[in-house]
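Structure first, commentary second.
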Amino acid sequence: MLFGRKKRSEEDQTRLQDDALNEVLEADLAIIYKHSSRCPTSAMAMRQVKDFMAKNPDIPVYVVDVIRDRALSRELADDLGVQHQSPQVVVLKKGTLQAHGSHYDISADRMEVWCDRISPNGEPDQP
């Protein structure tokens, strides 16, 4: 599902598919959330992702349904060099992996920290 950059509603949601992947990889900042509708931990993580989106409407969040889009989920894991997990959040800047977390590491606050640590030149800020 692609959650739009502006007002987000259930009607605006679309799944991330291969043809939209280039848009994600070219974005200044984007988050990919890998979700399983069969997993209760994913349901809890989805609430955190939605909380993040409400606080950060200018950061695009893309959702990959790992059940329906298994091939895309695997392709992302291979291309980004991140072991597949679900639920999982991946933070990208211009297609470069900046941060990632899974399961109970996913929280709206942590996602904000990950995004805030990314400097304008595309490199993670040094502590």
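The values are calculated or read from the model by the stated rules, or taken from the named source; none is laboratory data. All figures in this text were calculated on a predicted structure; none of them were measured in a lab. Here the Cβ positions follow ideal geometry from the backbone for every residue, glycine too, while neighbour counts run over all protein chains shown.
For this structure, a couple of remarks:
- Scanning the stretch 69-104 for residues that are loosely packed, with under 14 Cβ neighbours inside 10 Å and in a loop (DSSP other than H, G, I, E, B) returns Gly81, Gln83, Lys94.
- When restricted to residues that are at pLDDT 90 or above and hydroxyl-bearing (Ser, Thr, Tyr), the stretch 46-76 contains 1.
- Only one of the numbered conditions (1) under 11 Å from the mean Cα position of the chain (by Cα); (2) among the β-branched types (Val, Ile, Thr); (3) in a helix (DSSP H, G or I) is violated by Thr41, and that is (1).
- In summary, Arg38 fulfils each of the numbered conditions (1) surrounded by fewer than 15 Cβ atoms within 10 Å (Cβ to Cβ); (2) within 19 Å of Met111 (Cβ to Cβ); (3) modelled with pLDDT of 90 or more with the single exception of condition (2).
- Residue selected from the stretch 44-68 under the condition part of a helix (DSSP H, G or I) and within 12 Å of the chain's Cα centre (by Cα), by the criterion nearest to Trp114 (Cα to Cα): Phe52
- The set of residues in the stretch 106-119 being surrounded by 14 or more Cβ atoms within 10 Å (Cβ to Cβ) and of a type in the set (D, E, K, R) consists of Arg110, Glu112, Arg117.
- Within the stretch 42-61, being touching a residue at least 60 places away in the same chain (Cβ under 8 Å) and touching a Pro at 6+ places or on another chain (Cβ under 6 Å) holds for one residue alone: Ala45.
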